[in-house]
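Let me begin by presenting the structure, written as structure tokens, before commenting on it.
Laboratory data are not the source of any read-out in this text; all were calculated from the coordinates shown. The structure presented is a predicted model; accordingly, all values stated were derived computationally and were not measured. Using ideal geometry, Cβ is built from the backbone for each residue, glycine included, and neighbour counts are taken over all protein chains shown.
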Amino acid sequence: MTINDFRNVEFGVCFRVDDEVCHYKIPVDSSVKEALVEMRNTFTDLYDAIDGDVCEFEVSEKYSSSEKLRINLNQDYLASINNLYHHQNIPVNNIDLPNNLKHTEYYFAEFLHNNGSKTIGVKRPNQFKALLEKRL
Amino acid sequence: MKHTEGLPFIKFMMLISSLCPLFILVGIRGIDEKIIAEKYVWYIIVTLIVIPFVSILIRIKVAKRNRDLFTLNTSETSLNKEYLFAYLLTVLLPLYSVAVSGKRDLYGILGAIFFVIFILWNLNMHFINVLFAFSGYKVYTLTSNNAVILLSTRQHINADTKNIIAHRLSNSVYIEIKNYQYDNK
């Protein structure tokens, strides 16, 4: 899929400050949006390449690094992601990301499909933090 | 975490642009020739109208080039007709009635304009643009949990409209540009 296959692609970050979670969308240019679509493609290719059926995720289970799993968002520990999916009009904020790295919980991309449905991709910020720290 | 409006220059230009009817009215009423010559008054007024408007047009062009698009949920919206009325009563009419016949009057009106800009800036009321209004743009307020989002659009938003993709002018002001293929379904 290319960026033209989506009505819109947006980038955002989730911060946790003093146990308070807040989501912000960050304005990005086309090159970043294309990179996000590329990341999405890589994920779906890897996910589809894994053999076997999709299994329900269990916290108590031990999994290998790549497995086909799914989970219902109505779990207490997924409240932040559940809120993210249902939160309308997430505020756009020009945040100084390098100075707020320690508060970064995860980053996300919202893909609005041509049929009106949306997909949200969430990623832990380890690589993201490393990249930003390199630039500091 | 501090929420920033972003693009302060464009916000300022939008504010100045929102005052352009006042500048025109001040120009029509005129200022005493002893204070500023008529032609200079009009040079200043044209500059105050053209520069902000051109800046906004450049911002729109940059937003189009960068695909600075955001999806806005329009399930809870309200049309801001009353803002135009409030603007007319609180800004245009009181300032228009001031006759500038001396230096003190001039400083007075400049001070009043400064305070109006200061208040509108802090209230984030920089979205009133008469030039856009003449082109058929209406301003809607969209409900958001953390901030007020304003959408300037030529289309009528009804109950069937769920999402609208629009260009970002600033972090709280968005515009649906005329003749742009948004794919808003």
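Show me, for segment B:12-23, the HN-Hα J-couplings you get by feeding each phi into the Karplus relation (A = 6.51, B = -1.76, C = 1.60, θ = phi - 60°), rounded to Hz, glycine and proline as x.
Using θ = phi - 60°, the values come out as 5, 5, 5, 5, 4, 4, 5, 8, 4, x, 5, 4 Hz.
Give me the net charge of residue B:65's neighbourhood, meaning all other residues with Cβ under 12 Å from the Cβ of residue B:65; Lys, Arg count +1, Asp, Glu -1.
Computed value for this residue: +2.
Can you tell me what share of the DSSP beta bridges in chain B is antiparallel? A percent to the nearest 5 is fine.
Details: 15 of 19 bridges.
Taking every DSSP beta bridge within chain B, about 80 percent pair in antiparallel fashion.
By the scheme Lys and Arg +1, Asp and Glu -1, what is the net charge of all other residues having a beta-carbon under 10 Å from that of residue B:169? Walk me through the numbers on the way to the answer.
Values: positive: B:11, B:59, B:168; negative: B:68.
Within the 10 Å Cβ shell, the charges total +2.
Using all C-alpha to C-alpha distances in the protein assembly as shown, build P(r) with 10 Å bins and read off the rounded percent in each one.
Here the calculated profile for the protein assembly as shown is 5, 22, 28, 21, 13, 7, 3, 1, 0.
What are the ³J(HN,Hα) couplings of segment B:107-117, residue after residue, when phi is run through the Karplus curve with 6.51, -1.76, 1.60 and θ = phi - 60°? Round to Hz, x for glycine and proline.
Each residue's phi maps through the Karplus curve to give 4, x, 6, 5, x, 4, 4, 4, 5, 4, 4 Hz.
If amide H atoms are built 1.01 Å from N in the plane of the peptide, which residues on other chains or at least 5 residues away come under 5 Å of the amide H of residue A:89?
Correct list: B:73.
Of B:96, B:140, A:47, how do they rank once you tally other Cβ atoms within 10 Å and put the fewest first?
Values: B:96 16, B:140 21, A:47 13.
So the ranking, lowest neighbour count to highest, is A:47, B:96, B:140.
Non-local amide H neighbours of residue A:69 (under 5 Å, H modeled in plane, Pro and chain starts lacking H): which ones?
It is A:55, by chain and number.
When 1/r is averaged over all different Cα pairs and the result inverted, which Kirkwood radius in Å belongs to segment B:8-175?
Working: mean 1/r = 0.0580 Å⁻¹.
Result for segment B:8-175, one decimal place: 17.2 Å.
Please list the non-local residues whose amide H lies under 5 Å from the amide H of residue A:106, H modeled 1.01 Å from N, same-chain partners needing a gap of 5 or more.
Correct list: A:14.
Run through segment A:1-97 and list the GluC sites (Glu not before Pro) located in a DSSP loop whose Cβ has at most 16 other Cβ atoms within 10 Å. Intermediate results must be reported in sequence, preceding the final value.
Working: sites: A:10, A:20, A:34, A:38, A:56, A:58, A:61, A:67; in loops: A:58, A:61, A:67.
Loop-located and lightly packed - A:58, A:61, A:67.
Looking only at B:131, B:150, B:15, which one moves most when chain B is put into a Gaussian network model with springs between Cα atoms under 10 Å?
Among B:131, B:150, B:15, the largest GNM mean-square fluctuation belongs to B:131.
Taking the DSSP beta bridges in chain A as the whole, what percent of them are antiparallel, to the nearest 5? Write down the numbers at each step before the final one.
Working: 22 of 25 bridges.
In chain A, DSSP labels about 90 percent of beta bridges as antiparallel.
Using the structure shown, list the pairs from A:25/A:62; B:61/B:138; A:25/B:61; B:39/B:178; B:138/B:162; B:11/B:81 with a Cα-Cα distance above 29 Å, or answer none. Please list the in-between numbers first.
On the way: A:25/A:62 33 Å; B:61/B:138 20 Å; A:25/B:61 21 Å; B:39/B:178 35 Å; B:138/B:162 17 Å; B:11/B:81 21 Å.
Listed pairs above 29 Å: A:25/A:62; B:39/B:178.
Measure out, as a whole number of angstrom, how far apart the alpha-carbon centroids of segment B:1-70 and segment B:94-122 sit.
What the calculation gives is 16 Å, centre to centre.
Which aspartates and glutamates, on any chain, are close to residue A:68 with Cα under 14 Å apart, when same-chain ones fewer than 8 places away are left out?
A:45, A:48, A:51, A:53, A:56, A:58
May I ask you to derive the relative contact order of chain B, considering only C-alpha pairs under 8 Å and at least 6 residues apart, and to give it as an integer percent?
Details: 225 pairs, mean separation 57.5, N = 185.
Reported as a whole number, the value is 31 percent.
Quick one: plug the Kirkwood hydrodynamic radius of chain A (C-alpha pairs) into Stokes-Einstein at 4 °C, 1.567 mPa s, and report D in µm²/s.
Working: Rh = 16.5 Å.
Here the translational diffusion coefficient equals 79 µm²/s.
In the neighborhood of residue A:33, defined by Cβ-to-Cβ distances under 11 Å, what is the net charge if each Lys or Arg adds +1 and each Asp or Glu adds -1?
-4
In whole Hz, with x marking every Gly and Pro, tabulate ³J(HN,Hα) for segment B:28-39 from phi via Karplus 6.51 cos²θ - 1.76 cosθ + 1.60, θ = phi - 60°.
5, 5, x, 10, 3, 4, 5, 8, 9, 5, 3, 5
What fraction of the DSSP beta bridges in the protein assembly as shown is antiparallel, stated in percent and rounded to the nearest 5?
Details: 37 of 44 bridges.
Rounded to the nearest five, the antiparallel share is 85 percent.
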